[in-house]
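Notes follow once the structure below has been shown.
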Amino acid sequence: MKKPDWTKAPKEKPVYWDTKNQHFCNANGWWDKEGGYHALIWGHREWGADRFTPRPVEPAPAPTELEATGLPAVGTVCEITIGILVAAKDLPLVYPAPEGTCVKIAGSADFGHGPVAVFEGRLECGSWFYGFHKSTAFRPRRTPEQREREDVIEKALAMDCHPSELMLSRHDFCGELYDAGMLRAEEE
């Protein structure tokens, strides 16, 4: 009997190995050697028989001390969600690290008010900085598309004005967005 190579199994879940027919399958069909899926209208007639071996479940790794406290794991690269004062390694001053600054989690500490993540990063001038904050100050790193979307939204919001006699109508506001290139259809 051939043993399945689970690294070649389809990513869909759940996936089983049919020991009789020697292919990957699920309740509604099977995959050929090239990865093509073949649906069975009525499903497998013998579904639930011992010949269908489920994908082995790997035990989840035990949470690290930081993960158990709700803090990002050591080595995680993430962004800070608020401006934080940080200490530069080779400069005598404290600097503000703005929201969105990428940092790497270096460890944790507890100064008597609950656990905090200790992080490091680089200032625009190239100096390393260090800081610490609670878990609420971190988020996963944004993709370039997410950053672009947020920049466009911020630019659009900056074009809006507070209610007054000079307030733009919705039509005029959308016209301003169009003129700024934010509502134009993509060129083909």
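The values are calculated or read from the model by the stated rules, or taken from the named source; none is laboratory data. Because the structure is a prediction, the values reported are computed rather than measured. Here the Cβ is made from the backbone with ideal geometry for all residues, glycine too, and neighbour counts use every protein chain on show.
Please work out which residue is surrounded by the most Cβ atoms within 10 Å (Cβ to Cβ), limiting yourself to the stretch 45-59 and to residues that are within 37 Å of the chain's Cα centre (by Cα) and more than 12 Å from Y16 (Cα to Cα).
E58
Of (1) free of Cβ contacts under 8 Å to residues at least 60 places away in the same chain; (2) surrounded by 14 or more Cβ atoms within 10 Å (Cβ to Cβ), T7 satisfies all except one. Which?
(2)
Sort out for me the strands (runs of 3 or more DSSP E) sitting completely within the stretch 1-62 that have 1 or more residues that are out of contact with any His (no Cβ under 8 Å at 6 or more places or on another chain) and farther than 30 Å from A73 by Cα.
16-18, 23-26, 37-39, 52-54
Could you name every one of the strands (runs of 3 or more DSSP E) located completely within the stretch 85-158 that has at least 3 residues being within 17 Å of V74 (Cα to Cα)?
Working: elements: 94-97, 102-110, 115-122, 128-133, 138-140.
Passing ranges, in order: 102-110, 115-122, 128-133, 138-140.
Working only within the stretch 146-188, note down all residues that are out of contact with any helix residue (DSSP H, G or I) (no Cβ under 6 Å at 6 or more places or on another chain), charged (D, E, K, R), over 30 Å from A88 (Cα atoms) and modelled with pLDDT of 70 or more.
The answer is R149, K155, D172, D179.
Just one of (1) out of contact with any strand residue (DSSP E or B) (no Cβ under 7 Å at 6 or more places or on another chain); (2) modelled with pLDDT of 85 or more trips up G126, so point out which.
(2)
Please enumerate the residues belonging to the stretch 86-110 that are touching a Gly at 6+ places or on another chain (Cβ under 9 Å) and among the basic types (K, R).
Selection gives K104 alone.
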